[in-house]
Amino acid sequence: MARLSVFGSGYVGLVAGVCFAEHNNHVICVDVDLERVEMLKRGECPIFEPGLTELLKKVIARGNIEFTADAEYAIKKSDIHFICVGTPTNQIDDSADLSYVFEVAKTIGKYMQEYSIIVDKSTVPVGTGQKVNDIILEQLNLRGVSVQFDVVSNPEFLREGSSVKDFIYPDRVVIGCADEKAALVMKHLYEPMTRNGNPIIVTKKLESAELIKYGANAFLANKISFVNELANLCEAVGADIREVTRGMGTDSRISPQFIYPGPGYGGSCFPKDTKALSITGKKYGVDMNHVNITINSNEAQKLWCAKKIGVHYNGNLNGKVIGVWGLAFKANTDDMRDSSAIVVIKYLLENGAIVKVYDPEAMKNARNIFGDSVQYCSSRECVLENSDALVVLTEWLDFRMPDYLTLRKFVLGLRDKVIFDFRNLYAMYKDDLRSDEIQWYGVGIVQ
């Protein structure tokens, strides 16, 4: 049984802590938010993530996990310390804000008493591992003690909405570590989760592991932005993006993953990581042209969707009642960070529309963003009442329809009989919709 401390109980830290505890390690989760700590002690999950609450209660009942705000206690009781705090985008220059990471490193150096492994699991730019090493060493020198330690880069590859499954059954585990002893400890820690044959990749350079994470996210973000641009071209020339991506996706060099058009990517990873990678390039004198184009293209796609609504109404949205299904940046999460819904709804409000919204999980976060500027509905049906049009922005199962008659029943009451389906959920029904004189707009598919 390994003794772990996990600093930060957000998406990454809480999932990591609970999943490690599920595999019979003893985990102490540390957070500065006392209210969150007390919630977690009661088995209440502060974030929505499928399967996490059930697993949390299970490992609490087993006694495999603790929650505390006492960092000293956690450090002295553990010998592997995971740094899982946030690295938000710095609003001044788009770089990653590493202040929380460095504060944890300083705290570890202040209280560490025996050989320890310090694991950077937060998404951090190249060079952060070395800085963490230097900060800990500085604290040890201030204390006048000599304690051996190793810093490891172990980036996470979790997808919100399926992070528990992703952690327990990872595609791969990446461990950046120059020391063979520390690498072996980390391999043993992850061995129960890689028995399906998926690899544990050990890099001798911390920098290589750090860059694997950013490279993967930037590449996937690029695929999304590219297919959205291609979808817009499909509409212009009369092609169907579904046929195009089906033909592209059969090429093994491309694959069908991440080539579905939509209103642009959002969330806690892609927007932040692409910006941080671009800034890292500038720092080292390398032009990250593809990354910069991806960032700009994605923001343009969000606005393209918003303007599509305006074009339909000939630029006159004043007084129009627009219902919105979906606020989270994708289904199965309550996360609205950089969600396309923010751009679309702000555009509608700025142009005089009245906006009604519903999301199965993101309503609380929406209130923090929009305040009283929109009407919050308790159901998908409520959104449609006395509305002129419907906008679909998130692909929740709740918004999918088993057949056309069900969809027809929902939308015939719209005063203008128009749907802006930016997830192409109802593309299969577009001919039926047209026959009922319902206007349907998708992405990459001519009406």
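For the reader, a short list of remarks on this structure follows.
- Only helices enter this figure: runs of n ≥ 4 DSSP H residues, each worth -39500 (n - 2.57), summed and divided by the residues of the chain, yield -14000 deg cm²/dmol at 222 nm to the nearest 500.
- Candidates Lys307, Lys181, Lys131, ranked by Gaussian network fluctuation over the chain, Cα under 10 Å, top entry: Lys181
- For Val324, residues with placed amide H under 5 Å, excluding near neighbours: Lys356, Val357, Tyr358, Val391
- Between segment 1-33 and segment 45-97, the alpha-carbon center distance in angstrom: 5
- The chain: most fluctuating residue of Tyr313, Tyr100, Tyr284 per GNM, C-alpha cutoff 10 Å: Tyr284
- Cβ-Cβ distance of Ser379 and Ser435, R₀ of 25 Å, FRET efficiency by 1/(1 + (r/R0)^6): the value works out to about 0.35.
- log10 of Debye I(q)/I(0), alpha-carbon scatterers only, for segment 3-204 at 0.09, 0.16 Å⁻¹: -0.31, -1.05
- Cys residues of the chain counted as unpaired, since no other Cys beta-carbon is under 4.7 Å: Cys19, Cys29, Cys45, Cys84, Cys177, Cys234, Cys269, Cys305
- Rounded to the nearest whole angstrom, the semi-axes of the ellipsoid equivalent to segment 220-441, taken from the Cα gyration tensor as √(5λ), stand at 29, 22, 16, largest first.
- Hz values of 3J(HN,Hα) by residue in segment 119-127 - Karplus curve (6.51, -1.76, 1.60), Gly and Pro given as x: 10, 7, 9, 4, 6, 10, x, 4, x
- Cβ-based net charge around Ile322, under 9 Å, with every Lys or Arg adding one and every Asp or Glu removing one: +1
- Under 5 Å between amide hydrogens, built in the peptide plane, is the criterion, and for Thr203 it picks out Ile175, Gly176, Cys177 among residues at least 5 positions away or on other chains.
- Answer label for Kirkwood radius over Cα pairs in Å (calculated), chosen among [x] 23.6; [y] 24.9; [z] 22.2: [x]
- Residues whose placed amide H lies under 5 Å from that of Val152, excluding near-sequence neighbours: Ile118, Val119, Asp120
- Phi-based couplings in Hz for segment 90-106 (Karplus 6.51, -1.76, 1.60; Gly and Pro marked x): 5, 5, 7, 10, 6, 6, 7, 7, 9, 4, 5, 4, 5, 5, 5, 4, 4
- Summary of packing: across the peptides 113-124, 186-197, the per-residue average of other C-beta atoms within 10 Å ranks them, highest first, as 113-124, 186-197.
- DSSP beta bridges confined to the chain are antiparallel in about 5 percent of cases.
- Most fluctuating residue given options Val311, Val132, Val104, as computed from a GNM of the chain linking Cα atoms under 10 Å: Val311
Values in this text are rule-based calculations from the coordinates and carry no lab data. Quick caveat, the model's predicted, so the values are computed rather than measured. Positions of Cβ are backbone-derived with ideal geometry, glycine not excepted, and every protein chain shown enters the neighbour counts.
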